[in-house]
Each structure stands twice: as structure tokens, then as C-alpha cells.
Amino acid sequence: MVLPIVIYGDPVLRAKCKPVDEVTSETRELAQNMIETMVEAQGVGLAAPQIGVPIQLAVIDVSHDSDCISYLRVNGEDTEMKDIMPLIFTNPKLELINPKVSEQEGCLSFPDIRAMIKRPIEVKATVTTLDGKTLVIETDGLFSRAIQHETDHLHGKLFIDRMPAAAKVSLKGKIRRMMETYGNG
Ligand SMILES: [Zn+2]
């Protein structure tokens, strides 16, 4: 089932999300609906607060572009991207590996807004699957960026917080109109 995506202005996007301690059938259904919602919206990632649920659950699928990373290791083993996509994960812990690079980024909670965001190129992410398995994911490129972006959501942090000041100023009117149109804040 495709769910409505929460747009910036809703306070749930600023919530510090609760860790997922127990996976129930509702958690699985929610994750499945999040994948359908992400696909429908043509996004590469979606975090639970973006559908109004402040828990540490997110989904990612960047497999449309097999060249968007230069390596992927899962629990120390070289892994094909398609073997772990779509990725559903909870409770991520990240180790960020510099240097940083600026790339164009968007967010499903900010329709029509894109900006250059600087982030570390590589990440080592320790996440838990719905089956309770721990995955240590080491990667770069778009997958690394998506993991960082979705993990930010789970801590109430948004990509506009990482936008260069000048970009933020130039998008101010657009962001305000978006809040007035969709937000309740
Ligand atoms: Zn986002």
C-alpha cells in the first residue's frame, strides 16, 4: 500500500526516532508499504518519520544504477548490490569516512527542492535487519549518501540543515511556500 509522504513543516520530521526493539507483523507491513511508497515516488530511500512514524526504520534501493558505487562489502565480504536491495534496516550506527564530496541531493519530504550537499564519500554502517541479523555495510557513492541521508532522518536531521547557507537563502521562499501548502507547523 502506498502511504502519504509527510512534507516539511510537520513536526514528526524533527522527532528523534525510537530504536526498533521488537519487530512485529506491523513493522514488516510498514516496511513493505514504505518500499511501495518509495518506488511509487521514484525515490532511492525513505525513512519511517516520512510516513509519520517516529521509529528507527528506513528503506533504500539504489539498484537502478549499478555504477553508483565503486565497492560494497557486507560483513567483510564483497557483495553485489542487487543481493541486498531493496534494503530494509533498523537502528543504524554510522562510521563516516572522509574526505567529503558535494553532490546533488533531494528528499521526498521536500518536493521540487534539490541542492548540493557535502557529505563524507564512504560509510561503514552497522544496521539490523527485520530478521534480527546485524549487517556491517561498507560502501561509497550514492548508496553511502542514501544511508547517511536516511540515518539523518531518524535523528530528526534534514538535508536542508546541511545545505550551504547561500543555497538555503535562495530556497527560502520555496521552502516557506511548501510549508504553507503542505505543512501544519
Ligand atoms: Zn529525505
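The values are calculated or read from the model by the stated rules, or taken from the named source; none is laboratory data. Because the structure is predicted, anything quoted here is derived from the model rather than measured. Using ideal geometry, Cβ is built from the backbone for each residue, glycine included, and neighbour counts are taken over all protein chains shown.
Quick notes on this one:
- Residues that are part of a strand (DSSP E or B) and within 16 Å of the ligand (Cβ to nearest atom) within the stretch 56-73 comprise LEU57, ALA58, VAL59, ILE60, listed in sequence order.
- Condition check for GLY76: more than 15 Å from the ligand (Cβ to nearest atom), in contact with a Cys (Cβ under 8 Å, 6 or more places away or on another chain) and farther than 23 Å from ARG28 by Cβ: no
- Checking GLU26 against (1) in a helix (DSSP H, G or I); (2) surrounded by 19 or more Cβ atoms within 10 Å (Cβ to Cβ), the condition it does not meet: (2)
- The single residue among ILE97, ILE88 that is touching a strand residue (DSSP E or B) at 6+ places or on another chain (Cβ under 7 Å), assigned to a strand (DSSP E or B) and surrounded by fewer than 17 Cβ atoms within 10 Å (Cβ to Cβ) turns out to be ILE97.
- The listed residue being within 16 Å of the ligand (Cβ to nearest atom), at pLDDT 95 or above, in contact with a strand residue (DSSP E or B) (Cβ under 7 Å, 6 or more places away or on another chain) and small (Gly, Ala, Ser), out of GLY52, GLY45: GLY45
- The set of residues from the stretch 100-130 being of a type in the set (S, T, N, Q) and either surrounded by 14 or more Cβ atoms within 10 Å (Cβ to Cβ) or outside any strand (DSSP E or B) (or both) comprises SER109, THR126, THR128, THR129.
- When the stretch 146-164 is filtered for residues that are outside any helix (DSSP H, G or I) and more than 11 Å from the ligand (Cβ to nearest atom), the ones remaining, listed by number, are HIS155, GLY156, MET163, PRO164.
- The stretch 89-126, residues that are closer than 15 Å to VAL59 by Cβ and within 16 Å of the ligand (Cβ to nearest atom): PHE89, PRO92, CYS107, LEU108, SER109
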